[in-house]
Each structure stands twice: as structure tokens, then as C-alpha cells.
């Protein structure tokens, strides 16, 4: 392993990390602006022009707030909760290919932190760990509402991970690989996007992504009208900030994963017909990828400010009685079609 | 009564949690829980998400209005009524004025009655806006709340134009109004009738056929008409069960009998029906306001109070320049005017149901005894028994759809 490689990866990791945090920060502003747009009002506009300094102001406020650890709380787990949440959220973006190769001089740089051949499993594993942050934090708070939020979060993410995993299996039957880089590379252009092959799988996946991110209509772990603040009722100061932050990072990473798996990642229509150099295609590809991500983030917010939330039992019914059977049906259907295609075409 | 299991330990504010085998958790829903929208408490015993039993605790903002009223002259009790159901205080004000007018036998001019109808129906719309908007918020959909909230703001502007206040309005005097509606007020009322229906339609588009909303509300907290009547429910939640009882139609006051309006009723008495009944009532209120405006046009202009100098304060310039006015002013303020020794009950259709005033007079300047029949208080009695067996989420939207206003609950 040469030094240049390490430096290259280090720079890439730093860029991805900073970008993730910045996007998560500005998602909070975007959320409030989108909410304002949908509700016929302005949204935050005091801090800086159009409120662009609002996230900084919020962050600063979080740091200066008094930090309260309740007397009956389990102190170490209380601190571990938000830590796990933010760490798992941050590292889940490691396997996402942000673009193709950049050629600088004679070096070819991959715009992906780590191309591991079980990329999808890595994302799933890390996201599954994320719920421990919520569970531990909710349990350690020694508050009944927090505990209920934590229980809801645990059962919700376990139920929806199954459906999510099953919807991915159908996709893997088509792509024949677990590496996200290869999956994205297969979808060059526009007609090769997996959404055309796996529309049902995508719908299941996007529903589960909402549930995994604890977003409306699946925001039961923190629904403020029932559980006060849910799992983060007792949290204050930056610990609360970390929970909020990890939610937005999860949203960003989910959007990236959805774009990569189903919407061609960095591929954009007519990318090979424009006669551009490889570097330009890569740069435009990165922009196209982020455009898709932002579209998904907007979609998340659009839903948030439109739909009511489910009740706990309805959520479970949807997960176990509708999404999982649908996902299994999707696998069978995909298998039959693949078989027919392989046999008769 | 058979639909609900009885409360396990009635009148016991805190459950004894000393049986480790029952695995029940005592949960304090309130007084500072965000879903209560006011200060009142429910001590619930929950088995996971399911409520086993509950006890309601009230009295957190009890201000002893009935006792205070015994020491105040009649016209100074109006501000107390503001603070009952503060979402629709004009209805309370008007109800109180009408009660005293009934006691004193004052005949109110038609124009004033129509003006009162307008004010009361505007207040009813404001009340229903709050209730249905909050129901949306409690189910998780926030935007619809703000769509209609903007219109409530407009109603408050109308109130401001009429009396100068917005929330605790203190509109009107015994015998009429303190001043005539000005032109701007009439214009704004007319504008409101035009601009509100599209907003309401937009609001209903968000919810009425929303699958998640229907699943959250339909069949939740369903109450049979018999049970509702046995708990003496009234108002939209009673009508949602299918009973067409509306004080405006059954015991018309303030010339409601001259108006043409429908009384929407539900079928199942569940949260969804209550929501639909309230929405339809807002439409009917708009109809009533439009008719009232037409009727006012036909009445002679400038009349805004009855000719009862013994009870209606004369204008200040007359007090300073006119002997008779000065005498009446003195007598009213000092409480020198006798009232009949009798008792009256007057009820109006409030935002949440039958708002009654039971007034016993011993002939003096203040009531001997005054009792408010507060619909929230009476409707809320069923809350704890009907919650048992419900999921926590259902219990919360049930509370929002009962529209329990803490001020009215405690008085």
C-alpha cells in the first residue's frame, strides 16, 4: 500500500465526512424551508440571507445549552446512545460510490471510500446497528415515554429490516452482485436503471427506508403528541443534537443508497453519447448523483409535512402482513421472469 | 354502559404498583403532556401500548369562577365566561348575556339578535378549526392545521374589529352590544364567508380520504347513542353518534328558529365522525352567517342594544351632560337596581356542546348562585372509562376529538 493511496483515501474520507455533515446540517434548514413552503409561510429567514446561517446558529445553541443527565439514568449508556447513533450514521456512507474514476495525471482515483464486495450487506449491518443508539438511549433515560419510544424503535426497525432485506434479494437476483459499485456500473445510461426492472422492489424499499429513518409516517419512536419526545425525551444539549443529526444523516445515506441501487447512482441519461472526456462525465455524474439524492431528501420532507402517522399496530400490520409477503412475491416473480428469460431468450 | 369495562379502581388517583406479576406500568398522561393541550391529568395503567384502566384528575386550573361570580355584579361576570372555553369565548359571552336578559325579561331587538348569531357562529367556526386542526396535528399531519389556522386568525381580526379583543373577547353587554359593528367588520365578515370554503375544502382534501387518517380515526373510540346520552354528552360528539340534538334547533335562542340550517349527524360516534360533523357544522355556520347578514340588511340601521336604561350603561358623554343618564349610570355601577327573585336556566350551543348557565337570583346585584354547565367537563367524564382497552395512540386522538378545553373543564 503506497502513501499516495493512503493520502487519496484520507482526502476522500474527509470530503465525504464533511459533505455528509454539511448536508445533514442543511437538511435541517431545508426541512424547515420545505415545511414553510408547504404551509404558506417563510420558514427561518433571520440568520443570514434566506436563513442560511440557521444551522450554524442551531448548532451553536446546542453546544451552549445546559446538559442534563437525569438522576435515575444509566450514565454510561445514556452517553453511549447518541454516540452510537451518530457513529453508525456517519460510517454507513463508506461504500457508496459517489462517481466514476477521476484521472489526475497518471493516477486514477476511485470516488468511493471502500469498494467491498458485500457493500449492501455492510450498509444493512451498519444501519441495523443504528437502532442500538436509540434503544440504549431510550432505555438508559429511565423515563417511561423514552422506554416506549425505544421499544417502538426496536420493533419497528427489526420488522422493516426484514422487508427491506427481502426487497433487496430480488434486486440482487437481477444484478448478481453485492458490490454497490458494480450495481451502479451496470445501470449506465437511463434504460438500464434498476427501477425499471424492480419497480415493486423499489416501492417496498422506499417504504422501509422511511421506517428505518423514523420519518413520518413511521415516526412512532419520537411522535411528540403521544410520547412527548419519544426516545430523546430526556436528552438535552448536543446529545439531542446528535440524535437529530443522525436522523438527517440516515436520511441522506438512505437517499444515496436508493439512488445508487435503483436510480443509477452517478449515471445520467445520454452520458456516453455526449462525447465528453471521462473526467467531465465523472464530474457531471457526481452532480447527477447528488441531484437524485436531493430529490429523495425533498421527497422525505414532502411526505413528512403531508401525511399523518400510523398507529403502532397498523405499522406492524403493514410491515408483516403487507410488505413482507409482497417482497416474497417479488422474489418469486423475479425468479420466474429470470428463469423464462434465461431459458427462452 | 356495557361497551366499556368499569374502571378498576375508581377515584383512586395513583395506582398501587406493588404486584410485580401484573407487569403493568403506571403512566402519567399530563398535566404537562403535549397531547393534553391544557393542564389536566390522566393516570393510566398501561400494558405495553394498551391502556388497562385510567383515572382522570382535573382541577389544575380551577379558578372558582362560580364562587367569584357570587360576589360580582352581573355585567362583571362576562369576563369570567371568556375564560371558560377560550377558543370560542363570544359564545360564552352571549350565553351569559342571554341568561341575564332572561332573568330580567329584556326583549332584544332583532338586529342585535342577528348580530349575536353572527358572532356566535364565527366563534363556533374558530372553535371547530382548533379542534379539527389539532386532531390533524395529533395524528401527525401538521400542515392542515396551519391552513385553517390562518382563517382563524382572520376570525380574530373580525373580533378585534368588533370589540377590540381577540381571545378573551368580552363582547357585548347585557341588553345588546357595547357598540355597533362598523363597516370594516361587516366587510370582513362578508369576505370571510367567501374565502373560508375553499380553505376548508383544501383542509378536507388533506384528511377526508387520506387512507392513514381514516385508519387512525374510523372506528376509534366509537360510542353508541345510548352511552353518549347516558353520560349526558352534547354537541358535535353527541351528534356524531347519530343523535340530532342541537340547542340551536331544539331550544332556539337569539332567533335561531328563523334560520335555515342543517344539523349534521354521524353514524358511529367515532373520531372520524366527530371530525366530519365538525367540518360540516362549519359549513352550516357559514350558511347561518350569510342569512344573518341578509336579515340585518332588512332591519333598521344603528340599533345595537335594547332600550333598557336600567341595565344598559349610557354613553359617557350623556353621563356627563344628562341627569337621567348619570342616575342610571350610578345605579348600574353601584348595583342599586333590583332583579327578580327567581332562577333561570339558559343554554346555548357552545363549540363543544350545550353550554348552560343556571342562575339563582335573590334580588341583589350579583347571583345568589351561578352554575356553568360546561360541556367539556361533562363530555370528559367518559374519557377514562372509554380509554380502557384502547391503544395509547387512540386514546390521544380520542382526547383531541373530544376537544377538552382545560379552561372549560375546570372553570
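If you go through region A:115-154 one residue at a time, how many are closer than 24 Å to residue A:72 by Cβ, assigned to a helix (DSSP H, G or I) and in contact (Cβ under 8 Å) with a residue 12 or more places away in the chain?
19
Residues are listed down the side, and each one gets a yes or a no for (1) within 30 Å of residue A:40 (Cβ to Cβ); (2) surrounded by fewer than 23 Cβ atoms within 10 Å (Cβ to Cβ):
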site: A:207; (1), (2): yes, yes
site: A:210; (1), (2): yes, yes
site: A:223; (1), (2): yes, no
site: A:257; (1), (2): no, no
site: A:264; (1), (2): no, no
site: A:277; (1), (2): no, yes
site: A:280; (1), (2): no, yes
site: A:302; (1), (2): yes, yes
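Within region B:384-393, work out how many residues are surrounded by fewer than 24 Cβ atoms within 10 Å (Cβ to Cβ) and within 14 Å of chain A (Cβ to nearest Cβ).
4
Please enumerate the residues belonging to region A:34-71 that are within 14 Å of chain B (Cβ to nearest Cβ) and either assigned to a helix (DSSP H, G or I) or without any contact (Cβ under 8 Å) to a residue 24 or more places away in the chain (or both).
Scanning region A:34-71 gives A:34, A:35, A:36, A:37, A:38, A:40, A:41, A:42, A:43.
Sort through B:332, B:397, B:337, B:327 and tell me the only one that's under 27 Å from the mean Cα position of the chain (by Cα) and on the phi < 0 side of the Ramachandran plot.
Result of the check over B:332, B:397, B:337, B:327: B:397.
Scan region A:313-343 residue by residue and report those that are within 14 Å of another protein chain (Cβ to nearest Cβ), out of contact with any strand residue (DSSP E or B) (no Cβ under 9 Å at 6 or more places or on another chain) and within 30 Å of residue A:31 (Cα to Cα).
A:314, A:315, A:316, A:317, A:318, A:322
Consider residue A:244 carefully, then state whether it is more than 16 Å from residue A:201 (Cα to Cα), in a helix (DSSP H, G or I) and within 14 Å of chain B (Cβ to nearest Cβ).
In short, no.
Matching residues to (1) within 14 Å of chain B (Cβ to nearest Cβ); (2) at pLDDT below 90; (3) within 26 Å of residue A:178 (Cα to Cα); (4) in contact with a helix residue (DSSP H, G or I) (Cβ under 7 Å, 6 or more places away or on another chain):
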| site | (1), (2), (3), (4) |
| --- | --- |
| A:268 | no, yes, yes, yes |
| A:273 | no, yes, no, no |
| A:277 | no, yes, no, no |
| A:285 | no, yes, yes, no |
| A:307 | yes, yes, no, yes |
| A:311 | yes, yes, no, yes |
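Have a look at B:283, B:278, B:274 and point out the one that is in a helix (DSSP H, G or I), surrounded by fewer than 21 Cβ atoms within 10 Å (Cβ to Cβ) and modelled with pLDDT of 90 or more.
Only one candidate passes the filter, namely B:283.
Which condition does residue B:158 not pass, out of (1) surrounded by fewer than 22 Cβ atoms within 10 Å (Cβ to Cβ); (2) over 30 Å from residue B:394 (Cα atoms), if it passes all the others?
Status for residue B:158: all satisfied but (1).
Look at region B:396-411 and say how many of its residues are within 14 Å of chain A (Cβ to nearest Cβ) and under 24 Å from residue B:62 (Cα atoms).
Total meeting the criteria: 5.
For region B:143-178, name all the residues that are in contact (Cβ under 8 Å) with a residue 40 or more places away in the chain and farther than 18 Å from residue B:95 by Cα.
Once the filter is applied, which keeps residues that are in contact (Cβ under 8 Å) with a residue 40 or more places away in the chain and farther than 18 Å from residue B:95 by Cα, region B:143-178 yields B:143, B:144, B:147, B:148, B:150, B:151, B:154.
Please work out which one of (1) out of contact with any helix residue (DSSP H, G or I) (no Cβ under 7 Å at 6 or more places or on another chain); (2) more than 14 Å from chain B (Cβ to nearest Cβ); (3) in contact (Cβ under 8 Å) with a residue 12 or more places away in the chain; (4) within 28 Å of residue A:248 (Cβ to Cβ) is the condition residue A:291 fails and give its number.
Result: residue A:291 passes all but (3).
Does residue B:241 meet the test of being modelled with pLDDT under 90 and under 25 Å from the mean Cα position of the chain (by Cα)?
no
Looking only at region B:198-214, how many residues end up being surrounded by 18 or more Cβ atoms within 10 Å (Cβ to Cβ) and either within 21 Å of residue A:226 (Cα to Cα) or within 13 Å of chain A (Cβ to nearest Cβ) (or both)?
Selection size over region B:198-214: 6.
Here is a yes/no grid of residues against (1) away from chain A (no Cβ under 13 Å); (2) part of a helix (DSSP H, G or I); (3) under 15 Å from the mean Cα position of the chain (by Cα):
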residue: B:106; (1), (2), (3): yes, no, no
residue: B:122; (1), (2), (3): yes, yes, yes
residue: B:126; (1), (2), (3): yes, yes, yes
residue: B:135; (1), (2), (3): no, yes, no
residue: B:144; (1), (2), (3): no, yes, no
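Could you tell me which numbered condition residue B:244 fails, if it satisfies all but one of (1) touching a residue at least 24 places away in the same chain (Cβ under 8 Å); (2) over 19 Å from residue B:122 (Cα atoms)?
So residue B:244 meets the others, but not (1).
For the list (1) crowded, with 21+ Cβ neighbours inside 10 Å; (2) more than 14 Å from every other protein chain (Cβ to nearest Cβ); (3) not in a helix (DSSP H, G or I), I need the number of the one condition that residue A:231 fails.
Answer for residue A:231: the failing condition is (3).
Every residue in region B:215-229 that is at negative phi and either within 11 Å of another protein chain (Cβ to nearest Cβ) or surrounded by 14 or more Cβ atoms within 10 Å (Cβ to Cβ) (or both), please.
B:215, B:216, B:217, B:218, B:220, B:222, B:223, B:224, B:225, B:227, B:228, B:229
Kindly check whether there is at least one residue in region A:146-159 that is in contact with a helix residue (DSSP H, G or I) (Cβ under 9 Å, 6 or more places away or on another chain), closer than 16 Å to residue A:89 by Cα and more than 14 Å from every other protein chain (Cβ to nearest Cβ).
Taking every residue of region A:146-159 in turn, at least one turns out to be in contact with a helix residue (DSSP H, G or I) (Cβ under 9 Å, 6 or more places away or on another chain), closer than 16 Å to residue A:89 by Cα and more than 14 Å from every other protein chain (Cβ to nearest Cβ).
Can you give me the number of residues within region B:161-193 that are buried (at least 16 other Cβ atoms within 10 Å of the Cβ) and at positive phi?
Residues in region B:161-193 being buried (at least 16 other Cβ atoms within 10 Å of the Cβ) and at positive phi: 4 in total.
I'd like to verify a number: residues in region B:93-111 that are in contact with a strand residue (DSSP E or B) (Cβ under 8 Å, 6 or more places away or on another chain) and either buried (at least 23 other Cβ atoms within 10 Å of the Cβ) or closer than 21 Å to residue B:371 by Cα (or both), how many?
Of the residues in region B:93-111, 9 are in contact with a strand residue (DSSP E or B) (Cβ under 8 Å, 6 or more places away or on another chain) and either buried (at least 23 other Cβ atoms within 10 Å of the Cβ) or closer than 21 Å to residue B:371 by Cα (or both).
For region B:179-190, name all the residues that are part of a helix (DSSP H, G or I) and in contact (Cβ under 8 Å) with a residue 12 or more places away in the chain.
Answer for region B:179-190, where residues must be part of a helix (DSSP H, G or I) and in contact (Cβ under 8 Å) with a residue 12 or more places away in the chain: B:184, B:185, B:186, B:188, B:189, B:190.
So if I check each of A:237, A:246, which one is in contact (Cβ under 8 Å) with a residue 12 or more places away in the chain and surrounded by 24 or more Cβ atoms within 10 Å (Cβ to Cβ)?
From the options A:237, A:246, the qualifying one is A:246.
The values are calculated or read from the model by the stated rules, or taken from the named source; none is laboratory data. In this text the structure is predicted, and so the values were computed from the model without any measurement. So basically every Cβ, Gly included, is an ideal-geometry build from the backbone, and we count neighbours across all protein chains shown.
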